[in-house]
Amino acid sequence: MKLIFLDTETTGADRKRSGVYQIAGIIECNDKTEEFDLKCNIFDGDLVDEKAFEMNKMTINKIMTFPNPKDTFKEFVNLLSKYVDRFDKKDKFTAIGYFSEFDAEILRTWFIKNGDNFFGSWFWHPWIDVSQLIAYVYQEDRDMFPNFKLSTVAYMLEVTNEKSESIFHDALFDAKITRDIYWKLDKILKGE
């Protein structure tokens, strides 16, 4: 299996119009693990909602210093190409995220903004959503979670000792936490 734990940071919640400024994660393939953390500027016309920066202290001025999105896109595709042959319909990543539908949609839109309509060549659809796995595993104990934010769930499942949401909302950190939760749930589901 070729797994990619992936998270994005964006300039808003609008999946079609918000800009992507960070794509990060961990690839697990053939006993090899590789982390990546890519940042980029946004496209002209991308929607910017200042509320999106409240937790992670990002600013539009800082984003404007990041590399051109087209350059970052090439770097991302080169990374994916190390593991997947996009021309082989049976060779794709199993993508895993937290509320992964958002990341999948925003990333698909980012591909299109970069002039590439072949997002589906890289990833199986649908992505695995760790929040859905938690909902399934803890369906009888759902009331133990005051909310379903990644920070809350990670703390409740003892994946992190940190209660504060302020350390979250960095794509690489969030992808690492999502990965840890995924493997913990995998053991529970397998009865280990």
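The values are calculated or read from the model by the stated rules, or taken from the named source; none is laboratory data. Please read these numbers as outputs of a predicted model, since none were measured by experiment. Neighbour counts run over all protein chains shown; Cβ positions are idealised from the backbone, glycine included. Each accessible area value is taken on the protein alone, full model and side chains, heavy atoms only, with ligands, DNA and RNA left out. Shrake-Rupley method; radii C 1.70, N 1.55, O 1.52, S 1.80 Å.
What the table below lists for this structure:
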{"read-out": "Per residue, in Å², the accessible surface of the chain once ligands and nucleic acids are set aside, probe 1.4 Å", "value": "54 Å²"}
{"read-out": "Distance violations [Cα-Cα > 28 Å] among Lys57/Lys190; Lys16/Lys51; Lys16/Lys62; Lys16/Lys176; Lys51/Lys176; Lys16/Lys149", "value": "Lys57/Lys190"}
{"read-out": "Within the accessible area of segment 50-192 (1.4 Å probe), percent carbon and sulfur", "value": "51 percent"}
{"read-out": "DSSP bridge pairs, the chain: antiparallel proportion in percent, nearest 5", "value": "70 percent"}
{"read-out": "Among 168-180, 118-130, the order from most to least packed when residues are scored by Cβ within 10 Å on average", "value": "168-180, 118-130"}
{"read-out": "Helical mean residue ellipticity (222 nm; -39500 (n - 2.57) per DSSP H run of 4+; nearest 500) of the chain", "value": "-10000 deg cm²/dmol"}
{"read-out": "Local electrostatic count, Asp174, Cβ distance below 12 Å [Lys/Arg +1, Asp/Glu -1]", "value": "-4"}
{"read-out": "Answer label for Cα extents along the principal axes in Å (calculated), chosen among (1) 108, 29, 28; (2) 53, 32, 26; (3) 46, 41, 25", "value": "(3)"}
{"read-out": "All Cα pairs of segment 1-73, percent lying beyond 22 Å", "value": "28 percent"}
{"read-out": "Protection proxy ranking of 55-64, 1-10 - average other beta-carbon atoms within 10 Å, highest first", "value": "1-10, 55-64"}
